[in-house]
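Participant: I have a structure I would like to understand better, so I am pasting it below and will then ask my questions one at a time.
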Amino acid sequence: MMQNRKFVAIAVVLFGLFVLAQTSLFVVRETENALVILLGKPQAVVTSAGINVKLPWADVVKIDNRNLEYDLRQAMEITDVNQERLTVDAFARYRIVDSLLYYQSFQGGGGDSRSLHTNGQAGIERIMQNSLRQTLGEVSIEDIVTTLRAELMVRIANRMGSEARKFGVEIIDVKIRRADYPADIAQTVYNQMSSARNEEAELIRSEGKRENTRIQAEANRKREEILADANRQALEIQGQADATRNCIFAGAYDGLPVVVERVEAEAAVGDNPTDYGVGVTCRFSDRNAARDPARAEFFAFYRSLLAYETALKNGETTILLSPDSEFFRYFNDLTGAR
């Protein structure tokens, strides 16, 4: 009987200790802070992780200290500086940095962790909507959609941050997920934008055609200049060649050696030169040299052969000349003697 009573007493003591431990001990994780609440008033803020002790009748409210996210429950409609309507969807990242101030700001509705989180989200939503309306209402839709998008998100975050610090919250950043026209006017706006882009594209095409015409005209002008210069150079080269040939013919006809020289500026070279123009001069290398009759005779014979070839081409030419004509001097005698 005594043993049963001892067993019951030990069980009662152990149960009492268990209940005391349950009501007096609480665990704080690394991802949260804890507030000890006594009769509705905060008594202590626990920021270090581990097991902590409190009075059995005190309550504990835990507050997440990680980076949190608030996403607008639905896209909101704002009006820009030109009174044009725009639908905006955004989200914010924030962190609770002052648990006591946060609790004091949002303890209404029970003061437990769940209601505290709900009230805190409602507070974030309120300042986010106000910041979006104020900031985006100062600029145009074009600035929101394209040119100032990144800068506007910084402005919104700064605006929210100044308000959120009043209840112990730090705003990390704000992102605009979507900024678009409302459905009832979107198609009209898109048609206007399409028309404007088509006009811009047509203007660019016309400028391109005008530039193409200019470039083509310039290319044709340069082409004509190049061809004209090439023709000029060709005529000069041909003139030099003709001058050189005539000089050689002159020397062969006289039976004297000649010197052909190409000059860059002035044609007068040597003693009494014969100027054929186009940068070529011809002169006898030695006017006192003895004339070479054989050389002159060969030249006369060669010229006669060329004349025969031209006059009797294809055997269709009929010529009536006397047998002792100068033209046929090489027909009767290879030496050309008459």
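Just so you know, all these numbers are worked out from the coordinates, no wet-lab data involved. It should be emphasised that the depicted structure is a prediction, and the values quoted were computed from it without experimental measurement. Here Cβ is always computed from backbone atoms with ideal geometry, including for glycine, and neighbour counts include all displayed protein chains.
Participant: Given R₀ = 22 Å, what would the calculated FRET efficiency be for ARG126 paired with LEU25, taking r from the Cβ atoms and rounding to 0.05?
Facilitator: Numbers: r = 37 Å, r/R0 = 1.70.
E(calc), rounded to 0.05, equals 0.05.
Participant: Let me ask something else about it. What are the residues whose amide H is under 5 Å from the amide H of ASP112, where those residues sit 5 or more places off or on another chain and H is modelled from the backbone?
Facilitator: none
Participant: Between SER162 and LEU100, what's the calculated FRET efficiency when r is the beta-carbon distance and R0 is 30 Å? Round to 0.05. Could the numbers behind the result be given before it?
Facilitator: Working: r = 20 Å, r/R0 = 0.66.
Result of the calculation: an efficiency of 0.90.
Participant: Pulled fully out, how much extra length does the chain show between VAL45 and LEU203, if you take 0.36 nm times their separation in residues and subtract their Cα-Cα distance? It would help to have the intermediate numbers written out before the result.
Facilitator: Numbers: separation 158, 0.36 × 158 = 56.88 nm, distance 6.80 nm.
Stretched fully, the VAL45-LEU203 segment lengthens by 50.1 nm.
Participant: I want to check the label-to-label distance for GLN74 and ILE185. Put each point 7 Å from Cα in the C-beta direction and report it in nm to one decimal.
Facilitator: Result: 2.0 nm between the two label points.
Participant: Could you tell me the calculated FRET efficiency between ILE172 and ASP143, based on Cβ-Cβ distance and R0 = 22 angstrom, to the nearest 0.05?
Facilitator: Numbers: r = 24 Å, r/R0 = 1.08.
Efficiency computed from Cβ-Cβ geometry: 0.40.
Participant: Tally Lys and Arg at +1 and Asp and Glu at -1 over the other residues with C-beta under 12 Å from the C-beta of SER162: what net charge comes out? The partial results should precede the final answer.
Facilitator: Values: positive: ARG155, ARG159, ARG165, LYS166; negative: GLU163, GLU170.
Neighbour charge sum, excluding SER162 itself: +2.
Participant: Pull out the extension gain between SER195 and GLN233, defined as 0.36 nm times the separation in residues minus the alpha carbon to alpha carbon distance; nm, one decimal.
Facilitator: Values: separation 38, 0.36 × 38 = 13.68 nm, distance 5.62 nm.
Full extension of this stretch gives 8.1 nm more.
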